[in-house]
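Structure first, commentary second.
Every number in this text was worked out from the coordinates using simple rules, so none of it is lab data. None of the values given here were measured: they were computed from a predicted structure. Quick reminder, even Gly has a Cβ in these numbers, built from the backbone with ideal geometry, and neighbours come from all protein chains shown.
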Amino acid sequence: MSNRRRITGILLFLLAVTLCASASAGTCITAMATSVNPDNLACTAVNARILRYNPGSNTLTLELIVPEVFSGEEVESLEVGDAIYSQGKEIPVNSNERDVFSVSINGGGYEYEEGTLWLVQDSTADRNYFPMDYNDYLWTSLAEIDVPVSDSLLFLDDIDVNGSKRPLPAVYTAGEFLRILKQETLDSGVGFTTNNVYVIFDGNGALASIERYYVPWQ
């Protein structure tokens, strides 16, 4: 794996803490730290955007992304006059409406307008909250890395040629994947950058598989 990395997740987290600490609001909460470590990707699955293939070095440039996640306890303790730091900016809490599985910050009549934040609770035991943009998460760019394409790389595609969801993924070799990637780049197909991909690294930290899954906004 290339040593060229643009690690942003930790810097964004530290910036958020600094800005919140200096805010005039009573309490400012920030997203939880991710468990994904771009410097040690052994046995890791992580969402990604495939930015390009580099034929000279036979590498893929991946942007590793993680959804913003907020502590359920902290979200449910927010009050008017507090703030929440999301997507690089601090959002003052002017109103706070809750139902069984979600919290609307400054919701008003339209929950996705500027200055609002719509958080949906995780259905797992953690009960944390994910900010949403319609049906998608709000994502944080964690790192941009170059990874070698090995002959053993597998590509699993959950989308058929019509853009519909397959009941089981089609399985392709590394060479077939590169052909599909090139063709879709030329034809403006579904692509691999619309938050519709996750990648898996093996025990040595090498890229082992890529899976593209169906998303309604593709």
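Remark: region 68-76, residue by residue, has Karplus-estimated 3J(HN,Hα) of 5, 9, 10, 4, x, 5, 5, 4, 6 Hz, where x stands for each Gly or Pro and the curve is 6.51 cos²θ - 1.76 cosθ + 1.60 at θ = phi - 60°. Give the separation of the Cα centroids, region 40-72 to region 179-218, in Å. Going from one Cα centre to the other spans 10 Å. For the pair Arg127 and Tyr213 in one chain, pulling the backbone fully straight at 0.36 nm per residue adds 28.5 nm over the alpha carbon distance.
Could you compute the FRET efficiency for Thr44 and Thr185, with r as their C-beta to C-beta distance and R0 at 35 Å, rounded to 0.05?
On the way: r = 26 Å, r/R0 = 0.75.
E(calc), rounded to 0.05, equals 0.85.
Evaluating 6.51 cos²θ - 1.76 cosθ + 1.60 at θ = phi - 60° for every residue in region 155-168, the Karplus couplings come out as 10, 9, 10, 7, 10, 8, 5, 8, x, 8, 7, 7, x, 9 Hz, glycine and proline recorded as x. Using Cβ point charges alone (K and R +1, D and E -1), the dipole size of the chain about the Cα centre works out to roughly 780 debye.
A cut-off of 5 Å between modelled amide H atoms, ignoring neighbours fewer than 5 places along the same chain, links Ala83 with Thr27, Cys28, Ile29, Val93.
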